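Read through the structure below, which is laid out as structure tokens, and then see the notes.
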Amino acid sequence: RAEACRILAAELAELVASINASGRPAVLGLATGRTPLPFYAELIRLHRAGQLSFANVVTFNLDEYLGLSADHPESYHAFMRRELFGHVDIPAENIHIPDGTVTDIPAHCAAYEKTIRDAGGIDFQLLGIGRTGHIGFNEPGSPRDSRTRRVELDPITRQDAAPAFGGLENVPTHAISMGCGTILEARKIALLAWGEAKAAIVNEALSGPVTDQVSASFLQQHPDATFYVDADAGARL
Ligand code: F6R
């Protein structure tokens with residue numbers, strides 16, 4: 001894990017520097033959850049070492065739980081502040097995360113898509129993978145061309161989140177998530193997976209059929225998508 005995070009973080013620092021040198025901001029799509037934690041720690045280390053600046057970086061997070069405000073500790077707004085944004089030099093106005101408290105959800109989702117387009121699209125998208133094969137919260141049945149929208153969380157996904165929420169009854173039932181189509185438009189994609197709980201789904205995503213029953217399988221058809229796995233998550237390949 002540490003090695004994968006070091007390699008990917010160094011690549012990302014180079015990408016950001018070269019895009020910035022071309023005279024425009026680098027646009028990053030970011031994920032939450034347990035998986036990216038060592039990666040974000042490495043980005044913070046590079047930043048502190050003077051090897052990575054977020055001053056000219058624009059970010060879009062994949063998703064947010066519906067019903068959670070930015071100050072809820074399990075919200076993805078709070079997660080990103082805690083694990084990355086609070087430790088680097090990113091301007092607050094460059095950060096975009098879906099708002100889980102909006103009343104007009106379709107309008108908010110359409111505006112999110114437009115903000116991504118207006119930023120020139122996503123240069124680099126970071127992903128984890130759920131045991132349902134989801135990327136973002138695109139649960140089984142999410143169409144390949146889906147866009148940012150309200151989604152219902154799979155029972156397995158809610159179960160996996162239950163410990164963090166102190167019980168299944170506290171886990172939100174819905175989220176706002178970028179769609180598969182939104183994610184697949186990113187120019188470069190990196191999916192991280194650690195641990196044996198991910199071994200079966202990593203194998204299905206990479207070696208199984210391309211199907212909307214496993215959103216991550218769509219990545220097989222992306223021109224520049226790479227999986228970074230540890231030995232346990234790659235054990236069934
Ligand atoms: C998070 C996200 C999800 C997670 C996935 C894995 O923003 O969109 O797809 O990446 O649920 O979660 P962890 O890393 O906690 O196993």
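For every residue, the table says whether it meets (1) under 30 Å from ASN170 (Cα atoms); (2) of a type in the set (S, T, N, Q).
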site	(1), (2)
GLY33	yes, no
PRO38	yes, no
PHE54	no, no
ASN61	yes, yes
SER69	yes, yes
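Would you confirm, using the coordinates I've provided, whether VAL27 is in contact with a Gly (Cβ under 8 Å, 6 or more places away or on another chain) and closer than 21 Å to GLU93 by Cα?
Here the answer is yes, as VAL27 does meet what is asked.
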Sole exception among (1) more than 21 Å from ALA186 (Cβ to Cβ); (2) touching a residue at least 40 places away in the same chain (Cβ under 8 Å); (3) surrounded by fewer than 16 Cβ atoms within 10 Å (Cβ to Cβ) for ALA70, by number
(2)
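Of all residues in the stretch 20-75 being of a type in the set (Phe, Trp, Tyr) and touching a Ser or Thr at 6+ places or on another chain (Cβ under 8 Å), which is farthest from ALA10 (Cα to Cα)? First the steps, then the outcome.
Going through the stretch 20-75, the residues of a type in the set (Phe, Trp, Tyr) turn out to be 39-40, 54, 60, 65.
From what is left, the residues that are touching a Ser or Thr at 6+ places or on another chain (Cβ under 8 Å) are 60, 65.
Details: PHE60: 20, TYR65: 31 Å.
Among residues in the stretch 20-75 that are of a type in the set (Phe, Trp, Tyr) and touching a Ser or Thr at 6+ places or on another chain (Cβ under 8 Å), the one farthest from ALA10 (Cα to Cα) is TYR65.
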Hey, can you tell me all the residues within the stretch 186-204 that are away from the ligand (no atom under 12 Å from the Cβ), assigned to a helix (DSSP H, G or I) and among the hydrophobic types (A, V, I, L, M, F, W, C)?
ALA199, ALA200
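With respect to PRO209, is the statement that it is at pLDDT 95 or above and part of a loop (DSSP other than H, G, I, E, B) true? Steps first, please.
Values: at pLDDT 95 or above: yes; part of a loop (DSSP other than H, G, I, E, B): yes.
In short, yes.
Could you go through the stretch 92-110 and let me know if any residue there is in contact with a helix residue (DSSP H, G or I) (Cβ under 9 Å, 6 or more places away or on another chain), farther than 23 Å from ILE201 by Cβ and among the hydroxyl-bearing types (Ser, Thr, Tyr). Can you show your working first?
In the first step, residues of the stretch 92-110 are kept if they are in contact with a helix residue (DSSP H, G or I) (Cβ under 9 Å, 6 or more places away or on another chain); the result is 92, 95-100, 102.
Checking the rest, the ones that are also farther than 23 Å from ILE201 by Cβ come to 92, 95-100, 102.
So of that shortlist, the ones also among the hydroxyl-bearing types (Ser, Thr, Tyr) come out as none.
Within the stretch 92-110, none of the residues are in contact with a helix residue (DSSP H, G or I) (Cβ under 9 Å, 6 or more places away or on another chain), farther than 23 Å from ILE201 by Cβ and among the hydroxyl-bearing types (Ser, Thr, Tyr).
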In the stretch 28-49, which residues are surrounded by fewer than 17 Cβ atoms within 10 Å (Cβ to Cβ), of a type in the set (A, V, I, L, M) and over 26 Å from TYR65 (Cβ atoms)?
ALA49
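Within the stretch 24-127, considering only helices (runs of 4 or more DSSP H) that don't extend past its boundaries, which have at least 3 residues that are within 13 Å of the ligand (Cβ to nearest atom)? Break it down into steps so the answer makes sense when it comes.
Values: elements: 37-48, 76-83, 105-118.
Result: 37-48, 76-83.
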Quick check on this structure: which one of ILE90, ILE97 is within 23 Å of LYS188 (Cα to Cα), touching an Asp or Glu at 6+ places or on another chain (Cβ under 7 Å) and among the hydrophobic types (A, V, I, L, M, F, W, C)?
ILE97
In the stretch 73-112, what residues are exposed (fewer than 13 other Cβ atoms within 10 Å of the Cβ), farther than 22 Å from LEU126 by Cα and either among the β-branched types (Val, Ile, Thr) or in contact (Cβ under 8 Å) with a residue 12 or more places away in the chain (or both)?
THR103, PRO106
List, please: which pairs have Cβ atoms under 8 Å, are six or more places apart or on different chains, and start with a residue in the stretch 220-237 that is surrounded by 15 or more Cβ atoms within 10 Å (Cβ to Cβ) and end with one that is among the basic types (Lys, Arg) and not in a loop (DSSP other than H, G, I, E, B)?
ALA225/LYS188; VAL229/LYS198; ASP232/LYS198; ALA233/LYS198
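The values are calculated or read from the model by the stated rules, or taken from the named source; none is laboratory data. Predicted model, so just to flag it, every value in this text is computed and none were measured. Note that we place each Cβ from the backbone using ideal geometry, even for glycine, and neighbour counts take in every protein chain shown.
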